[in-house]
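Take a look at the structure set out below.
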Amino acid sequence: MPVDHAASRPAETGKPLLDALHGYRQSVPPIWLMRQAGRYLPEYRELRATADGFLDLCFTPEKAIEVTLQPIRRYQMDGAILFSDILVIPYALGQKLWFTEGVGPQLEALETPRDAAQRLSVTGMHETLAPVYETLAGVKAKLPRETTLLGFAGAPWTVGSYMIEGGSSRDFFKAKQWMFQEPEAFQALIDLLVEATADYLCAQIDAGAEAVQVFDSWAGSLAPDDVVRWSLNPLRQIHDKVKARHPQTPVIVFPRGVGPVYQRYADQGIGDALGLDTGLPAAWARDHVQNRLTVQGNLDPLRVVAGGEGMRQATRELLDTLAGRPYVFNLGHGVVPQTPPEHVGELVELVRSHGQR
Ligand code: 1CP
């Protein structure tokens, strides 16, 4: 049975993002942005150049703490999201992972289901991930008191697709052949990822994360029935496992690109907040989601690249539609590297001044 958001929520904390995620409407909507740390920031590029690759940056707490804090210092975002990557889970399960400049993430691809069973194991996972937990504790100690610390993980389908494909993919050819031709073996991989991901998120909460987001960035590549089986169901399991251990910690679910199937995530109460991708009408979310869950999103990230009156207009429309109920301002996907940092500053100002009208 879905839990009634309002009936079970804890008292207000004075942290605008955390309170919004608990279902309390904020007169000034809280704001954070997916990929708010990263290559568009000169201070990130500078620190990145001192690391021995991207993975080294993620696994060196001193540096990862600093990168996490960069957008907080620059913009006073309401949320600080752990600096890491969704692919540290396959790495911690035993898969080789490396990042190549201009190519993106690469993994030693899983060839067969038997290969998966032999190569992957949750044993030792938390030891490999210890620097991530250390980063969270370190960030927590340095955050302004009104800022909420967010942990995150990738969802099983999104992470599993990288594991099978060996990196980014346009059509998910191999992963879908596993899914369709060997559904039991594919299910076993998804089950392993459900277990590892729930455990990972709980450890992040133990280390200091005050809310967590699960990214199903490639859910929209699936047909509707497959979305239910391979995105919604695993996300519900992860949600339930996290809630069983941390009932008061909000979970944000971001099943990107699933169109009308979004309604089911909301109806089934999967998450305290639903992240909307760029393609969804805000008015639909107001009418069909916001009566039950907090809504987060969904300005087109490329609006922030362009800036100007177009960005201001689109931002005002979102605020006019969604800020009357529990709402977190965000983009419909991550900040892209070409984004001028001053446009992000203007966006933050705009959201804050709108709330104060
Ligand atoms: O060279 C570099 O500096 C690496 C670029 C980079 C960065 C900055 C990668 C490689 N990952 C990250 C950080 C990251 N990744 C964060 C940090 C916190 C933040 O500020 O938001 C987060 C939350 C992620 C999550 C992530 N990684 C997702 C889900 C979110 C999304 O954007 O859809 C995905 C799909 C990845 C895989 C990944 N890692 C890196 C890249 C370039 C990619 C995407 C590759 C692809 O498009 O397939």
Check your understanding: Is it the case that I72 is of a type in the set (A, V, I, L, M, F, W, C) and part of a loop (DSSP other than H, G, I, E, B)?
Key -> no
Exercise for review: Test L47 against the criterion of being within 11 Å of the ligand (Cβ to nearest atom) and open to solvent by less than 20 Å² (accessible area, probe 1.4 Å), and give yes or no.
Suggested key: no
Review point. Which of the residues that make up region 220-232 are open to solvent by less than 40 Å² (accessible area, probe 1.4 Å) and of a type in the set (D, E, K, R)?
Key: D226
Check your understanding: Out of curiosity, is D52 part of a helix (DSSP H, G or I), within 14 Å of the ligand (Cβ to nearest atom), free of Cβ contacts under 8 Å to residues at least 24 places away in the same chain and more than 19 Å from P250 (Cβ to Cβ)?
Key -> no
**Study point:** Subset of region 25-44 [open to solvent by less than 10 Å² (accessible area, probe 1.4 Å) and of a type in the set (S, T, N, Q)]
**Key:** Q36
Point to revise | Any chance E62 is surrounded by fewer than 18 Cβ atoms within 10 Å (Cβ to Cβ), away from the ligand (no atom under 16 Å from the Cβ), in a helix (DSSP H, G or I) and of a type in the set (D, E, K, R) | key: yes
Check your understanding: Do we find a residue being at pLDDT 95 or above, buried (at least 21 other Cβ atoms within 10 Å of the Cβ) and in contact with an Asp or Glu (Cβ under 9 Å, 6 or more places away or on another chain) anywhere in region 188-196?
Key -> no
Practice item. Sort out which residues of region 143-171 are near the ligand (Cβ under 9 Å from one of its atoms) and at positive phi, and write them in order of number. Key: G167
Review point. Does A196 qualify as being of a type in the set (G, A, S) and either touching a Cys at 6+ places or on another chain (Cβ under 8 Å) or without any contact (Cβ under 8 Å) to a residue 40 or more places away in the chain (or both)?
Key: no
Point to revise | Search result, residues across region 73-87 that are more than 8 Å from the ligand (Cβ to nearest atom) and farther than 17 Å from A20 by Cβ | key: R73, R74, Y75
Review point. When you look at R73, is it open to solvent by 40 Å² or more (accessible area, probe 1.4 Å), within 18 Å of the chain's Cα centre (by Cα) and within 25 Å of V305 (Cβ to Cβ), yes or no?
Key: no
Exercise for review: Mind counting the residues in region 319-339 that are within 16 Å of the ligand (Cβ to nearest atom) and either assigned to a loop (DSSP other than H, G, I, E, B) or of a type in the set (K, R) (or both)?
Suggested key: 8
**Study point:** Count of region 172-187 residues which are open to solvent by less than 80 Å² (accessible area, probe 1.4 Å), within 13 Å of T112 (Cβ to Cβ) and among the polar types (S, T, N, Q)
**Key:** 1
Practice item. Find all pairs meeting these conditions: Cβ atoms under 7 angstrom apart; at least six residues apart or on different chains; first residue within region 90-110 and touching a residue at least 40 places away in the same chain (Cβ under 8 Å) and more than 19 Å from A198 (Cβ to Cβ); second residue aromatic (F, W, Y) and within 9 Å of the ligand (Cβ to nearest atom). Key: F99/F54; P105/F99; P105/Y162; L107/Y162
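The values are calculated or read from the model by the stated rules, or taken from the named source; none is laboratory data. All figures in this text were calculated on a predicted structure; none of them were measured in a lab. Cβ sites come from the backbone with ideal geometry, for glycine too, and all protein chains shown count toward neighbours. Heavy atoms of the whole protein, side chains included, go into the accessibility calculation; ligands, DNA and RNA do not. Shrake-Rupley method; radii C 1.70, N 1.55, O 1.52, S 1.80 Å.
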